[in-house]
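Read through the structure below, which is laid out as structure tokens, and then see the notes.
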Amino acid sequence: MRSITKQFPGVLALQDVDLMVKKQEIHGVVGENGAGKSSLMKVLSGIYIKDSGEIRLDGKLVELKDAQDAHKHGINLVHQEPQIVSTLPIYENIGLGNFPHKGIFMDKKKLIRKSSELCRYVGIDKPVEMLTEYLSIGERQLLQFARAIFYESSIIVMDEPTSSLAEKEKDHMFSIVRKLRDSGVTFVYITHRMDELFEICDKITVLKDGKLVRSVDIKEIDKKGLVNLMVGREVGHSYPEPKEQYGDEVLRVENLNKKGVYSDVSMYARAGEVVGFGGLVGAGRTEVMDAIFGMAPPESGDIYIHGKKTKIHNPKEAIESQIAYVTEDRHGGLMLHASIIENMTIASLKEFVDKFFINEKKKIQKAEDYKKRINIKAPDLQTAVGDLSGGNQQKVIFAKWLLGSADIYILDEPTRGIDVGAKDEIYKIIRTLTDTGKAVIVISSDMPELLGISDRIYVMHNGRITGELLRKDATESKVLQYATGVMN
């Protein structure tokens with residue numbers, strides 16, 4: 001890719017960017033949120049049409065007018081947010097847009113057989129006739145990978161592919177990447193996770209503010225040097241200091257059950273406490289939080305808010321009970337065509353009511369304050385959320401709930417897709433919440449993060465809480481043993 005430029009309304013996403021990738025190379029593309037990584041990859045995969053510049057494959061000039069064009073040239077993108085049709089079965093999602101045919105009809109038997117093979121290959125242990133809506137976020141990510149293999153791609157672009165995967169699933173995916181690389185496939189890999197870059201990549205290209213900073217062989221740079229290239233300053237995660245005292249119990253859950261999903265789940269959270277939830281993908285962590293927030297109520301069990309038994313049938317009742325929920329599914333919590341300020345204030349409009357009318361000045365001041373506090377990169381508050389990078393979209397969701405006045409904050413993978421320079425900001429905000437007496441529950445598949453920010457950790461395995469650890473007793477080994485059922 002040479003001199004690639006791409007502009008959106010009010011945003012110059014890419015400016016004269018070069019990217020050179022060799023055959024059978026695993027090439028990392030890194031940078032802070034808004035650096036242009038995903039935009040560059042969407043140009044390569046035909047989703048965006050470049051404004052200027054050129055793309056050459058095997059030395060030949062190509063024009064990629066849409067995703068189908070890219071597929072024909074052997075390019076496939078594994079998105080950060082899984083691109084699936086939830087009402088279709090797994091096998092149809094894998095073959096989507098590329099169904100095998102027998103005459104004029106889809107060869108269903110062949111598609112099911114091939115899909116079953118690919119699911120086993122990528123680690124999806126579910127019947128391919130099952131509807132995709134029943135897959136976890138992590139399994140949906142693996143499904144996209146199966147689709148890329150089904151398309152017989154020669155170039156696979158991976159945009160934060162492990163952000164929803166636990167360590168075991170990540171290792172499995174990397175083994176697949178290496179096998180495919182050895183068979184002739186080339187990879188372009190976007191991630192914010194430093195360890196992954198140095199584990200899997202041969203070379204790295206750094207972008208900043210839509211411009212090329214440098215391309216470098218992985219052996220010629222260390223983590224500190226790479227971070228300095230990305231952010232232009234030294235960054236190190238400062239996890240919040242543990243608190244010594246907590247307030248009253250804010251939330252208690254007793255014996256929550258949902259057949260085949262989770263069973264006998266009991267837990268509590270106190271004012272001023274960060275309660276972590278660990279476990280492998282599919283352990284039931286998100287499903288329990290969905291139940292507490294009323295998105296998918298349990299079949300039995302009780303929820304107590306400030307000691308009072310509370311029935312929560314839907315998210316509206318959860319919000320009225322002073323619960324905020326930053327979900328793992330970013331797009332499910334956003335109105336992509338609406339502005340930043342509309343998205344940020346939708347859950348807390350009552351906070352801005354002044355004598356029956358919305359105080360627009362107060363609303364704008366509050367939204368502008370949070371835009372600055374968590375460093376949302378956008379021209380202004382009227383920018384459409386769909387025009388933001390993935391990481392900045394995540395920050396908008398975070399801000400949406402911070403603007404309210406909840407007592408309980410549930411954060412599901414809150415730093416997924418957040419760059420190294422912004423994670424510290426999120427950690428500081430979490431501790432600010434607890435310093436003001438809020439209870440914060442954090443689901444995280446990032447082990448250092450889980451251990452670093454949690455005052456107390458629950459670990460789940462196969463829908464059950466298998467362990468509870470105080471911060472001083474929690475180690476990666478203990479969490480993994482509980483997460484795999486070894487210490488159950």
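Nothing in this text is a laboratory measurement; each read-out follows from the coordinates by a stated rule. This one's a predicted model, so the numbers in the text were calculated from it and none came from an experiment. Ideal geometry is used to build each Cβ from the backbone, glycine not excepted, and the neighbour counts take in all protein chains shown.
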Problem set entry | Selection of chymotrypsin sites (Phe, Trp or Tyr not before Pro), region 350-392, meeting DSSP coil and at most 15 other Cβ within 10 Å | 356
Exercise. If you place +1 on the Cβ of every Lys and Arg, -1 on the Cβ of every Asp and Glu, and leave all else neutral, what size is the dipole of region 385-488 about its Cα centre, to the nearest 20 Debye?
Worked result: 200
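How many percent of DSSP beta bridges within the chain run antiparallel, rounded to 5? Kindly include the intermediate steps, with their values, before the conclusion.
Details: 40 of 75 bridges.
Roughly 55 percent of the beta bridges in the chain run antiparallel, per DSSP.
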Problem set entry | Simple spin-label estimate for residue 351 and residue 336 in nanometres, 7 Å along Cα-Cβ | 2.7
Exercise. Considering amide H positions built from the backbone, and no H for Pro or chain starts, which residues 5 or more places from residue 78, or on another chain, come under 5 Å of its amide H?
Worked result: 157, 158, 159
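Sort the following peptides by mean Cβ neighbour count (other Cβ atoms within 10 Å, averaged over residues), highest first: 446-456, 258-268, 304-314. Display every interim value, and only then the final one.
Numbers: 446-456: 20.4, 258-268: 16.6, 304-314: 13.4.
Averaged packing, sorted descending, gives the order 446-456, 258-268, 304-314.
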Exercise. Which one, (i) 27.9; (ii) 23.6; (iii) 30.1, gives Kirkwood radius over Cα pairs in Å as derived from the coordinates shown?
Worked result: (ii)
Exercise. Lysine pairs, Cα distance under 18 Å, 8 or more residues apart or cross-chain: how many in region 9-84?
Worked result: 10
Problem set entry | Label-to-label distance, nm, for residues given as residue 436 and residue 424 (7 Å Cα→Cβ offset) | 2.2
Problem set entry | Calculated [θ] (222 nm, deg cm²/dmol) that DSSP helices of n ≥ 4 give over the chain, each run adding -39,500 (n - 2.57) | -9500 deg cm²/dmol
Exercise. Going through region 133-181, which GluC sites (Glu not before Pro) have at most 15 other Cβ atoms within 10 Å and a DSSP loop state?
Worked result: 152
Exercise. For labels at residue 359 and residue 220 in the simple 7 Å Cα→Cβ model, what's the distance in nm?
Worked result: 5.7
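Could you work out the relative contact order of the chain, using alpha carbon pairs under 8 angstrom and six or more residues apart, expressed as a whole percent? Working shown, then result.
Working: 995 pairs, mean separation 81.9, N = 488.
About 17 percent, as a whole number.
Tell me, what is the FRET efficiency for residue 311 and residue 96 to the nearest 0.05, using R0 = 25 angstrom and their Cβ-Cβ distance as r?
Numbers: r = 40 Å, r/R0 = 1.60.
Here the calculated transfer efficiency is 0.05.
What dipole magnitude, in Debye to the nearest 20, does the chain give about its Cα centre under +1 on Lys/Arg Cβ and -1 on Asp/Glu Cβ?
On the way: 68 positive and 70 negative charges, 138 e Å.
In debye, rounded to 20, the chain gives about 660.
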Exercise. Residues with beta-carbon under 14 Å from that of residue 133, excluding residue 133: net charge, scoring Lys, Arg +1 and Asp, Glu -1?
Worked result: -4
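Where the convex hull is taken over the Cα atoms of region 40-98, what is its projected area averaged over directions, in nm²?
On the way: hull surface 18.9 nm².
The directionally averaged projection comes out at 4.7 nm².
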For this session: Straight distance only, please: which lysines reach the Cα of residue 366 with their own Cα at less than 19 Å, same-chain residues fewer than 8 apart left out?
Result: 350, 355, 377, 395, 400, 428
Seminar exercise, completed: The answer for the per residue Cα convex hull volume of region 1-76, in Å³, is 91
